[in-house]
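Please read the structure below before turning to the comments.
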Amino acid sequence: MIALHVMAAVMALAFPAWDFYEAKRLRTSRHPLARTRCYIRCLAVLWLATFAAMAIMPLASLWNAPPGMRTLMGETSPDFGLVMVAALSVGLLAPLVLAWFHTGTRERIFEQLKEIDYLLPQSRSEIALFAGVSVTAGICEEVLFRGFLFAYLHSSPWNLDPLTIVMVSSAMFGIAHLGQGVKGVLLTGMIGAALGILYVVTGSLLAPIVLHILIDLRATALCHLRATTLRQPA
């Protein structure tokens, strides 16, 4: 039980502090390998935290939503989660396709990327490594912020109801991205809420992991498109 509390405390306190520190260092560093080193540290931290969660909690408890939590959304069809993932995936990928063929859309999206430009990859090697970070974040953050937190908050001594668990875990997920500022915290918190509801509805981490990976790989693809566009002759 102590290990569970320590893990939750690390996620609530150490993760936001680490993210804030990494973001500050990236914004001020002029070292050519600053982003590469940050990505490698991110890979190491996320996998270490995930393995720690797997060591202190059964894999079935991490993968499957706690019994009774699906009552939050009432009775839903088994295919509802798949339909939801498909619809959200189309919504995510449509702007990317438009950006590929439409200059105006591409320029607007590139302008939006400037808000977190310090974090995003620039070179081909950085983009490749960032793709690995995207997949890792999709897996590890779902295991931690949905799998572990939902089971932890649902059990004693907290015994929180499903809606409260979704809200608390989403808030912690947003705050864990403190380095992106208030807007980034709010945006990732809302994404966390959607992923949490998807976890509850489907009963497993599969759909949230797939959607989370697609969200992050979309940013990777946009960075690749931007790098390709900038390399083109005027």
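The values are calculated or read from the model by the stated rules, or taken from the named source; none is laboratory data. None of these values were measured; they are calculated from a predicted model. Positions of Cβ are generated from backbone atoms using ideal geometry, with glycine treated the same way; all protein chains shown enter the neighbour counts. Accessible surface areas use protein heavy atoms only, side chains included; no ligands, DNA or RNA. Shrake-Rupley method; radii C 1.70, N 1.55, O 1.52, S 1.80 Å.
Before anything else, pin down the relative contact order of the stretch 132-191: Cα pairs under 8 Å, at least 6 apart, normalised by residue count, whole percent.
Reported as a whole number, the value is 24 percent.
Could you work out how much longer the chain between ASP161 and LYS183 gets when fully extended? Use 0.36 nm per residue separation minus the Cα distance between them, nm to one decimal.
Gain on stretching ASP161 to LYS183: 5.2 nm.
Per residue, how many Å² of accessible area does the chain show with a 1.4 Å probe?
On the way: 12170 Å² over 234 residues.
Value for the chain: 52 Å² per residue.
What residues have an amide H closer than 5 Å to that of SER204, excluding those fewer than 5 places away on the same chain, when H is modeled at 1.01 Å from N in the peptide plane?
ALA65
Rounded to the nearest 500, what is the 222 nm mean residue ellipticity of the chain from helices alone, with -39500 (n - 2.57) per DSSP H run of 4+ residues and division by all residues?
Dividing the helical sum by the residues of the chain leaves -24000 deg cm²/dmol.
State, as an integer percentage, the relative contact order of the stretch 26-163 based on alpha-carbon contacts under 8 Å between residues 6 or more apart.
47
What is the log10 of I(q)/I(0) for the chain, computed with the Debye formula using one identical point scatterer on each Cα and no solvent, at q = 0.11, 0.13, 0.17 Å⁻¹?
-0.59, -0.81, -1.29
With a ≥ b ≥ c the root eigenvalues of the C-alpha gyration tensor of the stretch 110-190, is it rounded (a/c under 1.5), prolate (a/b larger than b/c) or oblate?
In terms of gyration-tensor shape, oblate.
Could you tell me what percent of the accessible area of the chain is made up of carbon and sulfur, with a 1.4 Å probe and every protein chain present?
Of all accessible area on the chain, carbon and sulfur atoms account for 72 percent.
Sort 24-32, 143-151, 39-47 for me by packing, meaning the mean count of neighbouring Cβ atoms within 10 Å per residue, highest on top. Walk me through the intermediate numbers first.
Working: 24-32: 11.8, 143-151: 25.3, 39-47: 16.1.
The packing order, highest mean first, is 143-151, 39-47, 24-32.
For the chain, what relative contact order do you get, as a whole percent, if you take Cα pairs closer than 8 Å and at least 6 residues apart?
It comes to 33 percent, rounded to a whole number.
With a/c under 1.5 counting as rounded, go ahead and sort the stretch 1-139 into rounded, prolate or oblate using the C-alpha gyration tensor (a ≥ b ≥ c being the square roots of the eigenvalues; past the cut-off, prolate if a/b is larger than b/c, else oblate).
oblate
Quick check on packing: order 126-134, 183-191 by the mean number of other C-beta atoms within 10 Å, highest mean leading.
Packing order, densest peptide first, comes out as 126-134, 183-191.
Net charge around LEU26, counting only other residues with Cβ within less than 13 Å of its Cβ (Lys, Arg = +1; Asp, Glu = -1)?
+3
What list of ³J(HN,Hα) couplings, whole Hz, do you get for the stretch 107-117 from phi and the Karplus terms 6.51, -1.76, 1.60, once you set θ to phi - 60° and write x for glycine and proline?
Result, rounded to whole Hz: 5, 5, 5, 4, 5, 5, 5, 4, 5, 10, 4.
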